[in-house]
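A quick write-up on the structure given underneath.
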Amino acid sequence: MEKNILLGHGSGGRLMHTLISDLFIKHFDNAVLTQQGDSAILDLPPGKTAFTTDSYVIDPVFFPGGDIGKLAVCGTVNDLAVAGAMPRYITAAFIIEEGLPMQDLERIVSSMAKEAAKANVMIVTGDTKVVNKGQCDKLFINTAGIGELDPSHTHIASGETMEAGDKIILNGPIAQHGMAIMAARNFGNFNTSIQSDCNCLNHLVRDVLNTGARIKFMRDATRGGLATVMCEMASHRELGVLVNEEDVPVDDNVRGMCELLGFDPFYVANEGKLVMVVHPEDTDKVIRTMKNHPLGKQAAVIGELTPDHPGQATLQTAIGGKRIIDMLAGEQLPRIC
């Protein structure tokens, strides 16, 4: 196989077929993909199906704690999981810049395969396009994901059953992904141990749902961070959101870097954090379950829904005052997912 990606790898001819068989099939091999038809033929149970799509354009493509391939799988799996669905299948389409080292592409594809296996999902179909050098930044990945959705969980995505008194739970410290990307992108020699929290959350979500707890809403706090999720929860509803700043976990090294660079951790991107709204009587059960999972060791109740200030998210600050949580305006950390 060639050392670098050539335009011919996207031509549909021999080079493309070699790339597919010697790289993509090698890592993604499964009974559906190896049919290599124009469409994947899937076995789906009767009932509800969750379907999502996303694109990944991160810079740099390799970062502490992950890479664009791992990110593509985790992001797709998590979008399904927080809708209450069990992720089953993923598609993967690659837009590759001419000249990308083949060893970098294989490293990314291998990472995707490992993460998909951990999440117990199958990458069943895909596409490859190669563009002239300078027409994309190394590699863009587009995905779609399909998951099984239990009819009893259809309310989770919309949050239509949320009510005043429900508790807001977060599964761990915020802002790790955005600060890891910032350090990798702009401070190559910056001595920091910050790792991205990029992880698939579907097993954690499944553990919580299996307890029978009354889960009202879930959302993963990616672009725009925790603050954006709080604003989304409050908007278009006759409910307010009240978050206690002191209860929101932030690692000391992340907080220090945010303070050094002037970032608010509430607005920094995450890739392994979910916000869950839970009936107050089930809060302890959910926290115990989360803390028994590696991705929920620092789970915490961070706030609640309130009849006060409907349609508005409010932060109870560490110094005793209150301030409104606004939606992120403009770009704080471009190219983070």
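Results, tabulated for the structure shown:
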item	result
Ranked ILE146, ILE319, ILE123, ILE324, criterion: other C-beta atoms within 10 Å, fewest first	ILE319, ILE324, ILE146, ILE123
Cα-based helix-to-principal-axis angle, 68-81 vs the chain, degrees rounded to 10	50
Cα gyration tensor shape of the chain, rounded if a/c is under 1.5, else prolate or oblate by comparing a/b with b/c	oblate
Ranked by how many other beta carbons lie within 10 Å on average, peptides 279-286, 300-307, 175-182, 214-221 from highest	175-182, 214-221, 300-307, 279-286
Rel. contact order, % - alpha carbon contacts under 8 angstrom, at least six apart, segment 145-286	45
Reachable lysines from LYS322, criterion Cα separation under 20 angstrom, eight or more residues apart if same chain	LYS167
Space enclosed by the convex hull of the alpha-carbon atoms of segment 167-325, per residue, Å³	110
Antiparallel content of DSSP bridges confined to segment 167-325, in %, to 5	85
Ellipsoid equivalent to segment 94-135 - semi-axes via the Cα gyration tensor, in Å	24, 12, 6
Cβ-based net charge around VAL109, under 13 Å, with every Lys or Arg adding one and every Asp or Glu removing one	-2
Globularity index of segment 244-291, i.e. its alpha-carbon radius of gyration over 2.2 N^0.38 Å	1.44
Antiparallel content of DSSP bridges confined to the chain, in %, to 5	75
Mean separation of Cα contacts under 8 Å (6+ apart) over length of the chain, as relative contact order %	22
Shape category assigned to segment 260-326 from the gyration tensor of Cα positions, a/c cut at 1.5	oblate
Sum of side-chain charges, THR143 neighbourhood, beta-carbon under 13 Å (Lys, Arg +1; Asp, Glu -1)	-3
Choice from LEU226, LEU80, LEU44 with maximal GNM fluctuation in the chain (Cα, 10 Å cutoff)	LEU44
Candidates PRO310, PRO294, PRO87, ranked by Gaussian network fluctuation over the chain, Cα under 10 Å, top entry	PRO294
Those lysines that a straight Cα-Cα span of less than 29 Å connects to LYS138, excepting residues fewer than 8 apart in one chain	LYS3, LYS26, LYS70, LYS114, LYS118, LYS129, LYS273
The chain: angle of helix 102-119 to the longest principal axis, Cα-based, in degrees nearest 10	50
Separation in nanometres of the label points that stand 7 Å from Cα toward Cβ, at SER55 and ASP207	3.6
Cβ-based net charge around GLY165, under 11 Å, with every Lys or Arg adding one and every Asp or Glu removing one	-2
Full-extension gain in nm, ASP264 to MET16, via 0.36 nm per residue minus C-alpha separation	84.8 nm
Label-point separation in nm, GLN135 to GLN316, each point 7 Å along Cα→Cβ	5.6
Tensor-based shape of segment 7-153 (alpha-carbon gyration tensor, a/c under 1.5 rounded, otherwise prolate or oblate)	prolate
Relative exposure of THR91, THR76, judged by other C-beta atoms within 10 Å (fewest first)	THR91, THR76
Whole-Å distance, taken between Cα centres, linking segment 237-276 and segment 156-206	9
Descending Cα extents along the principal axes, segment 148-253, whole Å	49, 30, 21
Contour minus Cα-Cα distance for LYS291 and SER235 (0.36 nm per residue)	17.2 nm
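A short reminder: the numbers here are calculations on the coordinates, not readings from a lab. Values in this document were obtained by computation on a predicted structure and should not be read as measured data. Every residue, glycine as well, gets a Cβ built from its backbone with ideal geometry; the counts of neighbours run over all protein chains shown.
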